[in-house]
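No lab work stands behind these numbers, since they all come straight from the coordinates. Not measured: the values here are computed from a predicted model. Using ideal geometry, Cβ is built from the backbone for each residue, glycine included, and neighbour counts are taken over all protein chains shown.
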Amino acid sequence: MNTLEITAATVDQAVAEAAKQLGVNGADIEVTVLEETQGLFGKGKVRIRATVRGKAAAKVEAPTKAVVETAAPEPQASAEEKPARERPKPRPRREDKPVGAEAQPKSEESTEKEPDVVATQEDADGLVTVLTDLLELADLDAQAEISEINGRYVSITLDGNDVSYLVGRRGEVINALQYLMNVMSTRKLHNGVRVVLEGNDYRKKRQDVLTKLATQIAEEVAKRGEEAVLDALPAFERRVVHKALSEFPGVVTYSEGEEPNRRVVIAPGS
């Protein structure tokens, strides 16, 4: 009997991937749903067992099992709503780095290291002006103020009656607005300065949640000797994870993949 185990975002995606790998039509596959979880940070996943039926089975040459991650990118969800038992499934440790991955030393956040750029007060003032104009055009009761300038990063805090709308239920709005501001910064300043937006202490709370979860997952990785892959995170949140585990014994971290699907891998280390 020719069987594959496939992990994907939906049953349909898993069946399609199984059919592709087995070289048969989807109609020739018998599907058994083995597991269906919400996943880390609210990202859903389903694991199925795909078995080739009848005569089609004779055409399949590779009966061995495989687990393939094909989950499509989804909007980032708050880790606060993630049950503790739903953690990323560890995978066997690899001796070689995957293509596109960058090794993460324990003592520094080299995977997310940025060019040597220093933002000026003039840069920060210009970005606040752009954001203020956007808020006024949107007729939102919110004000933008510079809270910190650190290297290439300009931290801007939003305050006002409408800030909750700008944060969103799971931070999706403030992440989108931050992305827009960084696109505008690239086109306006041409110097690599980046914007970090804060509102209603969302970033601080998110940092606390990510730090706690990263530590819990790192403990499992060190204990089991298997690496774990987090769901895709924006650069700011990846840096939080790298920093949180920079001194954690027995693990190393690195990032793999391309934006916006770049992920942090927590792997066993010396």
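At a 10 angstrom cut-off on C-beta neighbours, averaged per residue, how do the peptides 177-185, 135-143 rank from highest to lowest?
By packing density, highest mean first, the sequence is 177-185, 135-143.
Report the Cα centroid-to-centroid distance between the range 229-260 and the range 165-196 in angstrom, as an integer.
Each part's Cα centre sits 20 Å from the other's.
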